[in-house]
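A quick write-up on the structure given underneath.
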Amino acid sequence: MIIEPRLVKLTTRTEVDVRRTIPHAKLRRIGAWVFVDHFGPTEQVDGMTVAAHPHTGLQTVTWLLDGLIDHRDSLGTAQNVTPGSLNLMTAGSGVSHSERSLPGPAALHAVQLWIALPEAVRSMRPTFEHIEAVPTAAFGDHVAQVFIGQWGTVASPATVYSPLVGAEVSVGTSGSIPLNPAWEYGVLNINGSMSANGDDVPPSALWFSPVGATELDLTGSGVAIVIGGEPFLEQIVMWWNFIARSHEEIEEMRMDWNLHTYPSIADRVGGWIPAPEMPKVTLTAR
């Protein structure tokens with residue numbers, strides 16, 4: 001299956017467009033991966049400015065291909081992320097953060113991914129991890145920077161709570177990449193011309209492989225983001241920046257944020273993004 005991206009405006013304070021593939025009507029998740037955004041490469045004219053906003057029940061994964069981003073959060077974190085390093089924020093019971101691109105690099109190019117937290121830990125105390133350099137695995141001519149989980153003989157030190165993998169893959173001329181047949185996988189074409197197991201993957205599109213595949217045959221050139229995981233069987237309600245289990249929980253999370261119950265953030269962005277109005281229908285778990 002090929003999922004074509006849809007354009008989404010990042011915020012009203014920036015001209016950066018995001019190409020979003022998950023969630024999609026045909027594909028809600030890959031393992032516990034429930035959100036895939038790809039933005040850039042964008043010239044650093046206005047850059048990216050995202051004011052304080054909340055998250056609950058999930059982990060945010062920020063992976064940068066070009067540029068420099070300043071992350072600030074309600075835990076007191078102030079951390080830049082650069083290409084090849086990982087910012088992982090576990091929202092748990094609730095955290096807020098802001099992000100802005102910094103001057104210096106000419107371009108901004110990144111992916112942001114969300115991981116749904118399982119029931120046992122979804123209300124945990126929020127945490128933040130920064131990993132300066134992730135391990136690298138080679139599969140023939142393909143080279144993978146493994147930022148989440150284990151692939152081949154290498155494992156990322158990032159803390160996750162479901163069986164998952166996430167990697168940036170420089171596509172070589174040959175080489176088969178092993179897959180876990182009990183997992184499902186996705187390949188996001190960041191740039192270049194490539195195919196996955198014989199299917200052409202257009203730029204910014206996502207190729208999906210259900211449970212059962214034992215290898216990934218990538219051919220062509222360019223860079224891909226590969227994500228995979230054991231099917232996540234819990235039903236969730238995902239609305240705005242929240243992941244919950246019921247409509248009522250979402251209403252409570254929205255109210256908590258709009259009533260300013262979160263700690264303030266010391267940043268240079270200023271302001272905050274209020275939660276939008278709830279839809280006129282009851283949100284149901286899927």
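The C-beta contact set for the stretch 258-275 (first residue on the phi < 0 side of the Ramachandran plot, second residue part of a strand (DSSP E or B) and modelled with pLDDT under 90, distance under 7 angstrom, 6+ apart or interchain) comprises VAL269/THR49.
So that you can scan it fast, the table gives a plain yes or no per residue for (1) over 23 Å from HIS260 (Cβ atoms); (2) hydroxyl-bearing (Ser, Thr, Tyr):
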site: ARG72; (1), (2): no, no
site: GLY76; (1), (2): no, no
site: THR82; (1), (2): yes, yes
site: LEU86; (1), (2): yes, no
site: THR90; (1), (2): no, yes
site: SER93; (1), (2): no, yes
site: HIS97; (1), (2): no, no
site: VAL111; (1), (2): yes, no
site: SER123; (1), (2): no, yes
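So for the stretch 129-137 (the condition being over 30 Å from GLY76 (Cα atoms), in contact (Cβ under 8 Å) with a residue 24 or more places away in the chain and not acidic (Asp, Glu)), does at least one residue qualify? Yes: the stretch 129-137 contains one or more residues that are over 30 Å from GLY76 (Cα atoms), in contact (Cβ under 8 Å) with a residue 24 or more places away in the chain and not acidic (Asp, Glu). Residues in the stretch 180-195: is at least one farther than 30 Å from GLY57 by Cα, out of contact with any Lys or Arg (no Cβ under 6 Å at 6 or more places or on another chain) and part of a loop (DSSP other than H, G, I, E, B)? No: the stretch 180-195 contains no residue that is farther than 30 Å from GLY57 by Cα, out of contact with any Lys or Arg (no Cβ under 6 Å at 6 or more places or on another chain) and part of a loop (DSSP other than H, G, I, E, B). Taking every residue in the stretch 101-116 that is over 12 Å from GLY166 (Cα atoms) and without any contact (Cβ under 8 Å) to a residue 12 or more places away in the chain and pairing it with any residue that is part of a strand (DSSP E or B) and not charged (D, E, K, R), at least 6 positions away or on another chain, yields no pair with a Cβ-Cβ distance below 9 Å. The set of residues from the stretch 94-119 being small (Gly, Ala, Ser) and surrounded by fewer than 16 Cβ atoms within 10 Å (Cβ to Cβ) comprises GLY104, ALA106, ALA107. The strands (runs of 3 or more DSSP E) located wholly in the stretch 200-286 that include 2 or more residues which are within 19 Å of the chain's Cα centre (by Cα) and under 28 Å from SER96 (Cβ atoms) occupy 215-229, 237-239, 242-244. Selection over the stretch 134-152 of residues that are surrounded by fewer than 18 Cβ atoms within 10 Å (Cβ to Cβ) and over 18 Å from the mean Cα position of the chain (by Cα) gives a count of 6.
The values are calculated or read from the model by the stated rules, or taken from the named source; none is laboratory data. Quick caveat: nothing in here was measured; it's all calculated off a predicted structure. Because the Cβ atoms are built from the backbone with ideal geometry, glycine has one as well, and the counts that use them run over all protein chains shown.
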